[in-house]
Amino acid sequence: MLVVGSMLINGLDFVGLWIMFANIDHLGGFGLREVALLYGASGIGIGIADTLIGSVERIGTYVRTGRLDQMLTKPVPLLVQVCADQFTLRRLGRITQAAVVFAWAAPVVDWTLLRVLVAVVMMASATVIFFALFVGFSCIQFWTTDASEFANGFTYGGNTVTQYPLTVFPREVLVSLTFVLPIAFVNWYPCLYLLGRDDPFGMPAWLQFCSPVAAVVSMALALLAWRTGVRHYTSTGS
């Protein structure tokens, strides 16, 4: 029941897009199925990442209550314990709902073997990028002990941004989401290739294949931030 409820609640996001297209034909030059492709790819990525590592948002609570001290005494990597703590299958609802939307949008793509490969790599890269964002920004709580909403602005906020064509934003936003925070590699660049579109902002075509690189770099930086935060941690003192 929780899985179904989560799927229906997350589905309201796409219902909002559907209602929007009842009054317009295109959004930023993209039709409904093309936007649905972006929506589905991003939703699957963050859904899997949230299922695996969503508990890291509570790292500040672990610090305040001393639970982190308890975890550090166990012979299991701390990040693995955080991933497993309070694991809940209700998050599968988000993945299922996004997968249904992606499947509905799939006919808009002229599928070839290479495009199927790019789509699979896009999903995997999106998961890794969101995983890295969850971990990296949650590490701030090692110093502040309560900044979960700050982290949510980049994780769930990043998902919200990628549900829309980036053509609705100024070019400066695209550049920052490419070279500062690699959100554009979650679905924007790979989907441009899947749809056979040139980049509306005139960015190099090879960026459409760079999602795995962005994922690896993001994960490396996130793990570095995690290691730094754990080393900084000096217990609650209670």
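Between Phe154, Phe201, Phe14, the GNM of the chain built on Cα springs shorter than 10 angstrom shows Phe201 fluctuating the most.
How high is the FRET efficiency from His26 to Asp198, r the C-beta distance, R0 22 Å, rounded to 0.05? It would help to have the intermediate numbers written out before the result.
Values: r = 16 Å, r/R0 = 0.74.
That pair, His26 with Asp198, gives E of 0.85.
Computed over the chain, the per-residue total of -39500 (n - 2.57) for DSSP H runs of n ≥ 4 gives a 222 nm mean residue ellipticity of -22000 deg cm²/dmol, rounded to 500. Note on the chain: GNM, Cα springs under 10 Å; of Phe179, Phe142, Phe134, the largest mean-square fluctuation is that of Phe179.
Considering only Gly60, Gly31, Gly202, give the residue with the highest GNM mean-square fluctuation for the chain, with springs between Cα atoms whenever their separation is below 10 Å. Checking each option, the largest mean-square fluctuation is seen for Gly202.
Working from Cα pairs under 8 Å separated by at least six residues, relative contact order for the chain is 30 percent.
Pairs of alpha-carbon atoms within less than 8 angstrom and 6+ residues apart define the contacts here; what relative contact order does the stretch 1-123 have, in percent?
Details: 109 pairs, mean separation 56.1, N = 123.
About 46 percent, as a whole number.
Please report, ordered by residue number, every helix of the chain (full DSSP H runs) that is 24 Å or longer along its axis going by C-alpha atoms and whose mean Kyte-Doolittle hydropathy reaches 0.5. Walk me through the numbers on the way to the answer.
Details: long enough: 2-20 (28 Å, 1.76); 32-53 (31 Å, 1.22); 113-138 (38 Å, 2.30); 211-232 (31 Å, 0.99).
Membrane-span-like by this rule: 2-20, 32-53, 113-138, 211-232.
Take the Cα gyration tensor of the stretch 2-232, multiply each eigenvalue by 5, square-root it, and list the three semi-axes largest first, rounded to whole angstrom. Please list the in-between numbers first.
Numbers: eigenvalues 206, 75, 49 Å².
Equivalent ellipsoid semi-axes, largest first: 32, 19, 16 Å.
Bear in mind these aren't lab numbers, they're just calculated from the coordinates by the rules spelled out. Quantities reported herein were computed from a predicted structural model and do not represent experimental measurements. We place every Cβ from the backbone using ideal geometry, glycine too, and count neighbours over all the protein chains shown.
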